[in-house]
Each structure stands twice: as C-alpha cells, then as structure tokens.
1. Please sort by residue number the GluC sites (Glu not before Pro) in segment 102-155 whose DSSP state is loop and whose Cβ has at most 13 other Cβ atoms within 10 Å.
2. Quick one: which of 39-45, 147-153, 58-64, 84-90 comes out on top by average Cβ neighbours within 10 Å, and what's the full order, highest first?
3. Would you kindly state how much longer the chain becomes between residue 68 and residue 137 on full extension, computed as 0.36 nm times their sequence separation minus their alpha carbon distance, in nm to one decimal?
4. Once the Cβ-Cβ distance between residue 192 and residue 50 is put in as r, and R0 is 41 Å, what FRET efficiency do you end up with, to the nearest 0.05?
5. For segment 21-230, compute the number of Lys pairs whose alpha carbons are separated by less than 22 Å, excluding pairs fewer than 8 positions apart on the same chain.
6. By how many nm would the segment from residue 77 to residue 169 lengthen if fully extended, with 0.36 nm per residue of separation less the alpha-carbon distance?
7. Trypsin sites (Lys or Arg not before Pro) within segment 104-191: which are DSSP loop residues with at most 11 other Cβ atoms inside 10 Å?
8. Between rounded, prolate and oblate, where does segment 18-67 land on the alpha carbon gyration tensor, with a ≥ b ≥ c its root eigenvalues, rounded for a/c under 1.5, else prolate if a/b exceeds b/c?
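Bear in mind these aren't lab numbers, they're just calculated from the coordinates by the rules spelled out. All values derive from a computational prediction rather than experimental measurement. Every residue, glycine among them, receives a Cβ derived from its backbone with ideal geometry; neighbour counts consider all protein chains shown.
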Amino acid sequence: MEPPPGQIALPLRLGVGACRCCGLDEVGRGALAGPLVAAAVVLPEDFAARLGRLAPFLRDSKTVPKERRVELAALVRMHALALELAVVPVEAINACGIGWANGEAFRMLIARVAADEYVVDGKVRPPAPSERAGRVRCLVKADAQVPAVSAASLVAKVYRDDLMTALHARHPTYGWASNAGYGTPTHLAALRAHGPSPEHRALFVATALSGGQRAKRGRRDKTTPAEPDGQPALLDA
C-alpha cells in the first residue's frame, strides 16, 4: 500500500544505502502549563499497509480526531521497530527555556535510537551526538509528510494529553483535561482569577497575561542550571 496522500515514502534515503528512518516530533511547546513531550519512532516499511482503514489518519496529530489518535498511537506502539519518549518537566523549562528543552529532548532521543537517518519536524537543527549529527535532517511540516514523524507526533500527543488529564485531577481550576495546558480563554480567565499553579511555565504565563507576544514563542535558550550536576532534571517516559 502506498503512503497516505501527501506523504513521502519511507525511508527518505538521505544517503546511499540508508534504510532505517527515525522520525522525531514534540508536543506542548506552546502550552502555558505542563511538560514538553517528544517522541522518536522507527516504523517498518509496510506500516501503512498494517494500518488498513486508518492509514489516511497517519498525519500531523493536530489534524486527527482524538479517538483516532488513541487508536493510531496504540498501533504505533505495537508495530514500531523502535520507540522512545522524552519528557521535559516544567521545572527545567522554567530554568532553561523552551528552546533548550526542545533541543535537549531531541538530543536524548537521537542518542537512544539507532537509525540511518533522523528526520525532525521544523527548521531548527537540534543538538545530536557527533557520530550521528550528519544524519539529522530538519523538514518543515515533516509531521504531515513523513510517516515516522507523523507517528512520533501521534504518540507524543496522546502521551502528553494523558499526562495533562492526570494533572487536571490535581488542579481542576484550569481545565487541562480539555485544553491540555494551552492558552484558551477559559484557561486564561482561571489564571487571572486564581493565579498560576506549580505546573505553569512562569514566562509563558506572564507573557500571555500581559497581552504581549504569543506565549508559544517562549524564551530563547538559557544555560542556568537547576540541578547540582549542572543540568535540569529530565524524565524518561
């Protein structure tokens, strides 16, 4: 079966003989609360065929209905040749910035997953181990074009949504079960009425409430350490 319309056949074959494509994507970069979650996925070449009727939904997770996302994420976990998740908590984001958090999550994933090529959604090249850096390619809208990146987007989205639902039970005021920590009108209204929780990103909240630049822009990279060893604590999923 061919990939869904608009997608590039897997693998991309960036170099001679390349055959194992690792797709990477993150979820939660623009949220006002909660962690950033990134995933790395290597799919079998016949994965679209294994999806059957769900193949057209192998795309950017933001465009897929929730029930389909859950189904697809389960199938990715079942069939993936490799799958890794990295979770960067709010404490690290507040200490070092969202740019650092994004790059560090991808760096960890590239280090963990063996592949002939690494395709990252976006245009900013993440740090990578020196022996793998030359195999990393950035592609804008890769989550809508490369099946492995689409799969990473879906897995990361479902995992983070579940995390935010669990956090909602502790902080129900902000509606995270429905807004996943993003700056919806009801979320902003709750922040104005009750102030932020420990799970909020301080700079993002201040920016959103001040009516300045969109909170999703976040803070540029910063190297302030948050742990005794010089690095903020990260959570491996």
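1. 131
2. 147-153, 39-45, 84-90, 58-64
3. 22.0 nm
4. Once rounded, the FRET efficiency stands at 0.30.
5. For segment 21-230, the number of qualifying lysine pairs is 13.
6. Numbers: separation 92, 0.36 × 92 = 33.12 nm, distance 2.62 nm.
Result for the pair: 30.5 nm of gain on full extension.
7. Working: sites: 107, 112, 123, 132, 135, 137, 141, 157, 160, 170; in loops: 123, 132, 141.
The qualifying sites are 123.
8. The shape class here is oblate.
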